[in-house]
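Read the figures in this text as sums done on the coordinates, not as results from a lab. Keep in mind the model is a prediction, meaning the values are calculated, not measured. Ideal geometry is used to build each Cβ from the backbone, glycine not excepted, and the neighbour counts take in all protein chains shown.
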Amino acid sequence: MSELSVNHLLGIKHLNPQDIELIFKTADQFKEVINRPIKKVPSLRDITVANLFFENSTRTRLSFELAEKRLSADVVNFSASSSSVKKGETLIDTVNNILAMKVDLVVMRHPNPGAAVFLSQNVNSIIVNAGDGAHEHPTQALLDAFSIREKWGELKGKRIAIVGDILHSRVALSNIFCLQKLGAEVMVCGPTTLMPKYIKSLGVQVSHDLTEALEWADVANMLRVQHERQDTRYFPSIREYARQYGVTRELLDSLNKEITIMHPGPINRGVEISSDVADGDHSIILQQVENGVAIRMAVLYLLAAKKQMEFSA
Amino acid sequence: MTKKELLSEQALHIILNRLACELVENHRDFSDTVLIGLQPRGGFVLNRLRALLGEQGFERVDTGLLDITFYRDDFRRRENPLSANQTRIDVLLENKRVVFIDDVLYTGRSVRAALDAIHSFGRPKEIELLVLIDRRFSRELPIQPDYTGQRVDAISSERVSVEWQDEAEKDSVYLLNTTHERA
């Protein structure tokens, strides 16, 4: 198969395992491309991409922008803080105005869950979800799974623990969908207060003990505590959280097994992960970032491939 | 679909031997030369030529594989998108003599894409083209081979297919008559 089954990337939920395999196989080739002396291919030279960020981001935005530029697409950037959104324009109006300037593809991050799906139903463009509230962050899940595949060979039968603020995390939800579709087992671990109520209905194991989770897992994905999304206090203090759910070198040494530590960033050093672990040889955090560009190139390339060129007079 | 043999195993081997000799004639000790197989099918020809060169004592010849999927000029214009293949070029091509190797030269568009792609790896001193089969009179771009195995005249509803023992029963070249669009 050489074509995606979807026309937009709204969430991992909408992809089938063959789509994910195709994205990985294409990303393998793009990873080679971005390690060349000249890291650019001309595939998307006739495509214009708008990056719409209604929420702050460093890594994801840079990663998308680099991916677009390495595919030779034209790029326009937009952030909500400096735009007419502040003047009361609706999302559909904003996007339709941008599309009227002949933009082919929209990459959007938005604080509201479902924003990407909503947009795909209301405007005529290819939509890539770069994170919608606490809902999904599909490219992050793809690059996480791609990094695990690179490290461990395949996902099938592997055990992945997702640790931390599951309640506010779009990374957690997309990761659960993605890993399960690829045949991996998933455990979520964190304080009861940061665990969604019906998490077990997703078919994951639940633990509240970090040591137990790490003993079980081949890979641990440490999530950041999302203070900006927390409307109330979910645990007594950061220090107490770090003691119970922070991964440290001593803890990893006491396990006496091979384990890979991941983090989607940005890292709160000393909270969910200690500095020596983040910079140590268990960590593949920077490989994740590198793979992020290759994965996003693959996603943009495969989605653009679905839109046939139009030649009208 | 009809299938007609154009080249037998024996004829194909004679041609490959001649091509290897022509390469030796022009490239002497291969010290400056890099042989690049164009994916997906050029790699088979490259492997055979490398083995033949090895038999003649040229064991250390730099080689690589180049995939041109991301450089194609029919992206977003064809019904079925093509999957990307591996690119493996571990040598610097700056000032090298590069020989592109492919199985069938048809419209010349793959070679055009390869000329684009190769510059990501440096500026070669020169680039030559070696093809096993040259489908004459079907070129859409001003591209001609420097080394030709066999010239074939075929119409556009026909397809020239080169099969290798690695994947089929034996080495041979066939002419397929299909109703499909050209590949």
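Some points to look at:
- Panel order for A:Asp132, B:Asp90, B:Asp171, by other beta carbons found within 10 Å of each beta carbon, from fewest to most: B:Asp90, B:Asp171, A:Asp132.
- Listed pairs A:Lys13/A:Lys257; A:Lys69/B:Lys125; A:Lys25/A:Lys307; A:Lys25/A:Lys181 exceeding 22 Å between Cα atoms: A:Lys13/A:Lys257; A:Lys69/B:Lys125
- Fewest-first ranking of A:Ile295, A:Ile127, A:Ile238, using other Cβ atoms within 10 Å as the exposure measure: A:Ile238, A:Ile127, A:Ile295
- Report summary: the helix-based calculation at 222 nm, which adds -39500 (n - 2.57) for every DSSP H run with n ≥ 4 and divides by the residues of chain A, gives -11500 deg cm²/dmol.
- DSSP beta bridges in the stretch B:10-154 [antiparallel fraction, %, rounded to 5]: 5
- Volume per residue of the C-alpha convex hull in the stretch B:35-174, rounded to whole Å³: 128
- Amide proton proximity set for A:Glu136, modelled H, under 5 Å, gap of 5+: A:Gly114
- 3J(HN,Hα) along the stretch B:156-169: 5, 7, 9, 10, 9, 10, 9, 10, 10, 4, 4, 10, 10, 6 Hz, from the Karplus curve 6.51 cos²θ - 1.76 cosθ + 1.60 with θ = phi - 60°, whole Hz, x for Gly and Pro.
- Semi-axes of the equivalent ellipsoid for the stretch A:27-97, Cα gyration tensor, largest first, Å: 29, 13, 8
- Simple point charges give the picture: +1 on the Cβ of Lys and Arg, -1 on the Cβ of Asp and Glu, and for the stretch B:99-141 a dipole about the Cα centre of about 120 debye.
- Working note: Karplus 6.51/-1.76/1.60 with θ = phi - 60° gives the stretch A:297-311 the couplings 4, 4, 5, 5, 4, 5, 6, 4, 4, 7, 9, 5, 4, 10, 10 Hz, where Gly and Pro are set to x.
- Nearest-20 debye value, the protein assembly as shown charge dipole, Cβ charges on Lys, Arg, Asp, Glu: 1120
- Cα shape, the stretch B:72-140, gyration tensor, a/c 1.5 rule: oblate
- Between the helical axis of A:17-33 and the longest alpha-carbon principal axis of chain A there is an angle of about 80 degrees.
- Charge-dipole axis of chain A as Lys and Arg at +1 and Asp and Glu at -1 on Cβ define it, positive-most pick from A:Phe78, A:Leu179, A:Val206: A:Phe78
- From the C-alpha gyration tensor of the protein assembly as shown, square roots of 5λ in Å: 49, 27, 20
- In terms of overall dimensions, the C-alpha atoms belonging to the stretch B:1-103 reach 46, 41, 18 Å along their principal axes, ordered largest to smallest.
- Scalar couplings 3J(HN,Hα) for the stretch A:204-211, obtained by applying the Karplus form with A = 6.51, B = -1.76, C = 1.60 to θ = phi - 60°, are 10, 7, 10, 9, 10, 10, 4, 4 Hz; x denotes Gly and Pro.
- Loop-located GluC sites (Glu not before Pro) across the stretch B:18-107 with a Cβ neighbour count of 16 or fewer within 10 Å are B:Glu59, B:Glu79, B:Glu94, with loop assigned by DSSP.
- Summary value for chain A: 20 percent relative contact order, contacts being C-alpha pairs under 8 angstrom separated by 6+ residues.
- Cα pair count fraction exceeding 18 Å, expressed as % - the stretch A:25-173: 63
- Placing dummy labels 7 Å off each Cα toward the beta-carbon, the span from B:Ser83 to A:Glu212 is 4.2 nm.
- Take every Cα pair under 8 Å whose residues are at least 6 apart in sequence, average their separation, divide by the length of chain B, and the relative contact order is 25 percent.
- Long-range amide H partners of B:Asp62 with built H, under 5 Å: B:Leu35
- Förster radius 25 Å - calculated FRET efficiency between A:Ser2 and B:Tyr174 (Cβ-Cβ, nearest 0.05): 0.55
- Seen from all directions on average, the stretch A:154-292 presents a Cα convex hull projection of 8.0 nm².
- Legend: ranking of residues A:Phe177, A:Phe235 from fewest to most surrounding C-beta atoms inside 10 Å; resulting order A:Phe235, A:Phe177.
- Computed magnitude of the charge dipole of the stretch A:1-115 (debye, nearest 20; Cβ of K, R +1, Cβ of D, E -1): 420
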